There are 2 protein chains.
Amino acid sequence: MEVLESSYKKLMDKVKNLLIFQSAVSIIHWDMETMMPPKAINIRSQQLALLSAIEHRMSTDPEIGKLLDNIMRSPHYEELGHIQKRNIYLIKKQYDEQTRLPEELVAAIAKQRAITTDVWKKAKAAKNFSMFKPELEKLLELEKKAAEILMEVKQTKTPYDALIDIFEPKMTAEAIAKVFGELKEGLVLLLRKCEASLKKPDTSILQRRVPIEIQRKIAKELAKTVEYDIESNTAGGRIDETEHPFTTGYYDDVRITTHYHENNFASSIFSVLHEAGHAIYEQNLNPEWIYQPVGTACSSGFHESQSRFVENIIGRSKEFWSYFLPKLKEITGNILSDVSLNAFVHAVNEVKPSKIRVEADEVTYCLHIIIRFNIERDLFAEKISVGELPEIWNQNYKDYLGLTIENDSEGVMQDTHWASGLFGYFPSYALGNIYSGQILVQMEKEQANWREQISRGNFSPVKSWLVNNVHRYGNLYDPADLIKKITDKELDVKPYIKYLEEKYSKLYDF
Amino acid sequence: MEVLESSYKKLMDKVKNLLIFQSAVSIIHWDMETMMPPKAINIRSQQLALLSAIEHRMSTDPEIGKLLDNIMRSPHYEELGHIQKRNIYLIKKQYDEQTRLPEELVAAIAKQRAITTDVWKKAKAAKNFSMFKPELEKLLELEKKAAEILMEVKQTKTPYDALIDIFEPKMTAEAIAKVFGELKEGLVLLLRKCEASLKKPDTSILQRRVPIEIQRKIAKELAKTVEYDIESNTAGGRIDETEHPFTTGYYDDVRITTHYHENNFASSIFSVLHEAGHAIYEQNLNPEWIYQPVGTACSSGFHESQSRFVENIIGRSKEFWSYFLPKLKEITGNILSDVSLNAFVHAVNEVKPSKIRVEADEVTYCLHIIIRFNIERDLFAEKISVGELPEIWNQNYKDYLGLTIENDSEGVMQDTHWASGLFGYFPSYALGNIYSGQILVQMEKEQANWREQISRGNFSPVKSWLVNNVHRYGNLYDPADLIKKITDKELDVKPYIKYLEEKYSKLYDF
């Protein structure tokens, strides 16, 4: 037992260093996006390449393999607690993947991702898919190779499943296809009902000019409302500005970014709420598990469930705005003084098919995701080729959303994910929404008056519930087990559809 | 020759990685001072401890020792160029020092520095030297041990000389004592003349309230004037806010900080100019030598010469303000509209003994340094003890500046240097001023009309001259050789005294 304990301790020390190192590197990345003087890009690339090489050396240290062997072969292994076993499981999974991918392949992928991202930016600006095509083809070939190796390590059915597993452990394309089928059906029906309704919101109120200085004040007030602390002497967060909002950090240092557009103040409002949802999750992981793999988030899907929960279920609810609209009116002076609560809530919940995923409403959002999932799956199954992407994309947008894509920059080239090699990530966005619906049902059982609390600006009960029922579990369970743990149910689309149905039937009178 | 070349290349690759790593760590430090949410301090300490351990491993890598041996024993060694030889010299010096200090001692010093700094803050707040004394004694003992080891490695005459050498290579306490003697004499004479003058500046104009938002605009305008770019699309710098202003960075990413006090706008003006002087030096090191030891700054004293040059020789000159005062008036609205050029220039050049070094004028500043230098030297020579510091300090302030120190917080505990273990650093401040006087004489020979250019807001000729005659040499020479190279003279106090004499005789009519 002593040998086992000492091996476990040594292993955890190594992993602790790796997690601390990664948290330092995340600051360097954050700085690059938010603060870095533009001229520094060359030095920064060198720094990141070096740090990434050091990180790779740390995470593939053969000593980790030996310690894992000692531990797993120990006659006392079964005496370990379930948290310790989970740590070992997560470390081994990560280590096996990292060490099985040949270094040359990892380097080739990193390089090709950089090239493809760069070309994507130019091709998107030029609305020219043929510029992008050859580089995406090269990248896809490399990603397929990696996926095939990972498939063996993870023993998944297909290479694409091995990629999904990176973001949503144990999830498969087959399982996703099943829930996405049901999801699509529900969403399309809802969309038709909204479109058929004669009641339409006046969204012009969202185009009223709000100076950026005032939007910054709104962002601070929103952060305060959802208890994401950026201002006190013990704050663990901050809000900065980038073109694409993101969240980064670890426990007591979790930072979000947003963008401010003078003629679209709602954009920063919902991006702040979205990122605050991510940030609150990271900040409230079990503090006893800091520097341990169990003390990290469960999955990309669960992360998205938390951001969408705060952005949509809370942040686009009538109750939230019955509290926050008067505040918003106060901060913005006379800009919104004539706007009624109902008018505002309907405006920020307009349902309308649009070409761009990140601008989509709650009803159509997942349809964008389903299109991407189907395409990814077929790409990796070699049923379709990169050259066919624009045609397939445009046909899908016609079929699902009734839209005509005018050019590939508003079509297949709109997102950075494929250019950056993030294949297998898209499903997480929709899974997050599905989880959020199930989580809502459970929360309503235990916090029946949450809507009343929110309407008084009291986010505490909701936050505490999320912390105790979602955040604190960290990475103790795979997502399928976690949703079971929280809701006592398997993954289920119905609660999300029901939530949308109830909300939008009121807004659109159906 | 091939073996030599390949060893040199390998060595330089290792050192390149070390410099890149250090530049990344400096971002983490900068973030801690400027951006970090307060709650993150524990995670940050862990990050810094880990990064510092990795840095130590990189800088003491035995492979560096082997490569140095291969190179220095090679029969072709003499065929190397002088830049290559300088790189090897600097690497060897650093490596010998790093590897000769026992790891336990390095760790003990790091720990005791943290403790002493912490206690210093509390003792300073409590005006209680006896709280500080025991920790400073412990630190001094450890620092002495290190200094004794370094004395052997560097073959200096005394342990204190070994510490001076860290900041001002090859400089000795003996040489410093000689120039400081002459410096003191000149300064005291000047001080008496200023004090005897009936012409006194009206410094109340500097206490006029200038809102911080306006001071930020002034800072930006100052940066633009001295060609420290913080705003363009190719900027290599930025200005942020910290209690104690500092400069950090490397080549294309050099950042400064300042502080804004509503009732003391001049404070941020001169701190911005001071730090910009440091920053311009770092940014204009020879770009061909990036990631090489020759491509770093020469010494702390030379760094200080550049900051003091921009802050004082340029920034407190009548010519600078004949250009900038109208701008300042414009930015501040009607706050300073009634102030004449002469009144303003005299106010920012008031000579008046003060207790706090960082607030001292040009004439008395070095007297503060000389007091500290004498005390440090005697401490390390064991002529005085830590317990005697307050008494000796207060006596010195009486003798040199005619001031009565009321308590140790405005006395011996005012600076963080000793608490942080920065023994041997103080002389660099005064050496910097001395160098700046010599550099000025040389520049005037080659840029006779610099004052006229400055009065038109054209800093380019001065900057180009400094770049070509100081910055571009990087660390190719030790400071004594560099001042010779630039001015064709040995270290000499007279030009600095002469500069002060000319300036202050005009201001004070003597």
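Look at where the Cα atoms of segment B:316-369 and of segment A:273-325 average out, and the two centres are 52 Å apart.
In segment A:236-373, one over the average inverse separation of all distinct C-alpha pairs is 16.5 Å, which is the Kirkwood hydrodynamic radius. How would you classify segment B:191-304 from its alpha-carbon gyration tensor, with a ≥ b ≥ c the square roots of the eigenvalues: rounded for a/c under 1.5, else prolate if a/b is greater than b/c, otherwise oblate? Since a/c reaches 1.5 but b/c is at least a/b, the shape of segment B:191-304 is classed as oblate.
For the protein assembly as shown, a simple Cβ point-charge model (Lys and Arg +1, Asp and Glu -1, everything else neutral) yields a dipole of about 1160 debye relative to the Cα centre.
Computed with a 1.4 Å probe on the full set of protein chains, the accessible area for residue A:33 sits at about 100 Å². With the label put 7 angstrom out from Cα along the Cα-to-Cβ vector, residue A:287 ends up 4.9 nm from the copy partners, going from closest to farthest.
Give the shape of the protein assembly as shown as rounded, prolate or oblate, defined through the alpha-carbon gyration tensor: a ≥ b ≥ c are the square roots of its eigenvalues, a/c under 1.5 means rounded, and otherwise the shape is prolate if a/b is larger than b/c and oblate if not. Judged from the Cα gyration tensor, the protein assembly as shown comes out prolate (a/c at least 1.5, a/b above b/c).
Based on Cα contacts under 8 Å between residues 6+ apart, segment B:2-155 shows a relative contact order of 24 percent. Counting heavy atoms of the protein chains alone, residue B:13 has an accessible area of about 70 Å² for a 1.4 Å probe.
Label points for residue A:6 are taken 7 Å from Cα along Cα→Cβ. From this copy to the others they lie 4.2 nm apart, shortest first.
Neighbouring Cβ atoms from other chains, within 10 Å of the Cβ of residues in A:41-51, number 5 on average. Its convex hull of Cα atoms gives segment B:139-265 a direction-averaged projected area, equal to a quarter of the hull surface, of 12.9 nm².
Largest first, the three principal axis extents of the alpha carbons in segment B:356-399 are 32, 16, 16 Å in whole numbers.
Of the residues B:131, A:151, A:12, the one with the largest accessible area comes first in the ranking B:131, A:151, A:12, computed with a 1.4 Å probe on protein heavy atoms.
Along the axis of the charge dipole computed for the protein assembly as shown (Cβ charges of +1 for Lys and Arg, -1 for Asp and Glu, origin at the Cα centre), the listed residues A:321, B:26, B:223 are led at the positive end by A:321.
Peptide B:27-39 is shielded by partner chain Cβ atoms: per residue, an average of 6 of them sit within 10 Å of its Cβ. Ranking A:288, B:311, B:148 from most to least accessible surface, computed with a 1.4 Å probe over the protein chains only, gives A:288, B:148, B:311. Note on segment B:1-74 and segment A:77-91: Cα centroid distance 35 Å, given to the nearest whole angstrom. By the Stokes-Einstein formula, at 0.692 mPa s and 37 °C, segment B:174-508 with its Kirkwood radius over alpha-carbon pairs has D equal to 159 µm²/s. In this structure, the pairs whose alpha-carbon distance is over 26 Å, taken from A:327/A:494; A:39/A:122; B:327/B:352; B:352/B:484; B:14/B:154, are A:327/A:494; B:327/B:352; B:352/B:484. Averaged over residues, the count of other Cβ atoms within 10 Å places the peptides B:138-147, B:395-404 in the sequence B:138-147, B:395-404, highest first. Take each residue of peptide A:18-24, count the partner chain Cβ atoms within 10 Å of its Cβ, and average: the result is 5. I want the antiparallel fraction of DSSP beta bridges within the protein assembly as shown, as a percent rounded to 5. For the protein assembly as shown, the DSSP antiparallel bridge percentage is about 45. Here segment A:29-79 is treated as an ellipsoid with the same Cα gyration tensor; its semi-axes, largest first and in whole Å, are 40, 12, 4. Considering only protein heavy atoms and a probe of 1.4 Å, how much of the accessible area of the protein assembly as shown is carbon and sulfur, as a whole percent? Answer for the protein assembly as shown: carbon and sulfur cover 50 percent of the accessible area. The contact between chain B and chain A removes approximately 3100 Å² from the accessible area (both sides summed; 1.4 Å probe; ligands, DNA and RNA excluded). Radius of gyration over Kirkwood radius for segment B:2-155, both on Cα atoms: the Rg/Rh ratio is 1.08.
Assuming a ≥ b ≥ c are the square roots of the Cα gyration tensor eigenvalues, decide whether segment B:211-255 counts as rounded (a/c under 1.5), prolate (otherwise, with a/b larger than b/c) or oblate. The shape class here is oblate. Contact with the other protein chains removes 30 Å² or more of accessible area, compared with the isolated chain and a 1.4 Å probe, from these residues of segment A:249-268: A:252, A:253, A:255. For the listed peptides A:253-262, B:350-359, B:43-52, a ranking on the average number of other beta carbons within 10 Å per residue, highest first, reads A:253-262, B:43-52, B:350-359. Inter-copy label distances at residue A:137, using a point 7 Å along Cα-to-Cβ, come to 7.9 nm with the shortest given first. If you take the Cα centroid of segment B:215-258 and the Cα centroid of segment B:119-190, the two points sit 31 Å apart. Helical content alone sets the calculated 222 nm signal of chain A at -21000 deg cm²/dmol, taking -39,500 (n - 2.57) per DSSP H segment of four or more residues and averaging over every residue.
Can you give me the solvent accessible area of residue B:209 with a 1.4 Å probe, rounded to the nearest 10 Å²? Around 130 Å² of this residue is reachable by solvent.
The values are calculated or read from the model by the stated rules, or taken from the named source; none is laboratory data. In this text, all values refer to a predicted model and were calculated from it rather than measured experimentally. Reconstructed Cβ throughout: ideal geometry from the backbone, glycine too, with neighbour counts over all protein chains shown. Side chains are part of the model used for accessible areas, which takes the heavy atoms of the whole protein and leaves out ligands, DNA and RNA. Shrake-Rupley method; radii C 1.70, N 1.55, O 1.52, S 1.80 Å.
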